[in-house]
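Here's the structure we're looking at; comments come further down.
Computed from the coordinates by the stated procedures, all read-outs in this text should not be read as laboratory data. Everything numeric in this text was worked out from a predicted model, so none of it was measured. Note that each Cβ is placed from the backbone with ideal geometry, even for glycine, and that neighbours are counted across all protein chains shown.
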Amino acid sequence: MATTDLDTIIDRVEALLTDSGNADWSTAELTQAIRLALSELSTLLPARAVTTIDAVDGQYEYSLSSITGLVCVTEVWYPYLSTDDSYKLPHAVKWRMLDDVTLFLDVDDDPDAQYKIRLFYDQVQTLEGLDGATATTLNNAEKSVLVLGAAGYAALAKGRDLMNEVTIGSDVPQGYMDWGKARLSEFGQRVYGLSGLDVESEDSRIGWWSADKWDE
């Protein structure tokens, strides 16, 4: 069986926990810890994605329920055609969400079916092999942060489990919990740092409003 990104991350979490033989944490427990860390990472630092949907004559409302992992729409271009240079240019328009999955295209003229609607959106991060995901959206820096968060969650869970073990000294579970909290604190700081870098890089880009970019 081919190795997935989930397998690789599990190995890295085991190494951080110094438990490569799974003496203290099972693969299932580590998978759950990775799931928790990935969920938090997705909330604080979602992946960016883009897609197109078909415009419909005279229709202003569009369901986005088929977009897997949609967190929020960030920008909408209309009219858009990938085969026509004139309509590949950014045509950002007004829009709003009527509910969690219904986009309202706020344009003056009736939408025309000959065009596409291009959507830029945030989506949940995925890890190949986890919960049926076939691809990974994380970059290398985000994978490293995920390992840190997963190790923290795993240590916290182990500390809680050991609190009810009468044969275990009270300092042992507390040690796990202290270590886990420290890793999660570092996890949060590093996610925040990556999020800040992401914003800075976006601010340094040429905006879609820069005509010079399209005059070349």
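Between the stretch 122-155 and the stretch 61-118, the C-alpha centres lie 29 angstrom from each other. Taking every C-alpha pair closer than 8 Å and separated by at least 6 residues, the mean separation divided by the residue count of the chain gives a relative contact order of 25 percent.
Among 41, 6, 98, 130, what is the fewest-to-most ranking by other Cβ atoms within 10 Å?
98, 130, 6, 41
Charges were assigned to the Cβ only: +1 to each Lys and Arg, -1 to each Asp and Glu. The resulting dipole of the chain about its Cα centre is roughly 620 debye.
So if R0 is 35 Å, what FRET efficiency would residue 143 and residue 86 give, r being the distance between their Cβ atoms, rounded to the nearest 0.05? According to the calculation, E is roughly 0.30.
Packing here is the average count of other Cβ atoms within 10 Å per residue, and on that basis the peptides 185-195, 141-151, highest first, run 141-151, 185-195. Can you tell me the orientation of helix 140-162 relative to the chain, as the angle in degrees between its alpha-carbon axis and the longest Cα principal axis, to the nearest 10? For helix 140-162, the angle is close to 40 degrees. With coordinates expressed along the principal axes, the C-alpha atoms belonging to the stretch 47-123 extend over 30, 24, 19 Å, beginning with the largest. Based on Cα contacts under 8 Å between residues 6+ apart, the stretch 47-123 shows a relative contact order of 54 percent.
Between residue 178 and residue 35, the FRET efficiency estimated from the beta carbon spacing at R0 = 30 angstrom works out to 0.85. Cβ crowding within 10 Å ranks 162, 44, 38 as 44, 162, 38, fewest other Cβ atoms first. Think of each Lys and Arg Cβ as +1 and each Asp and Glu Cβ as -1; about the Cα centre, that makes the dipole of the stretch 10-113 roughly 380 debye. A dipole drawn for the chain from +1 and -1 charges on Cβ atoms has a positive end, and of 81, 6, 135 the residue lying farthest that way is 6.
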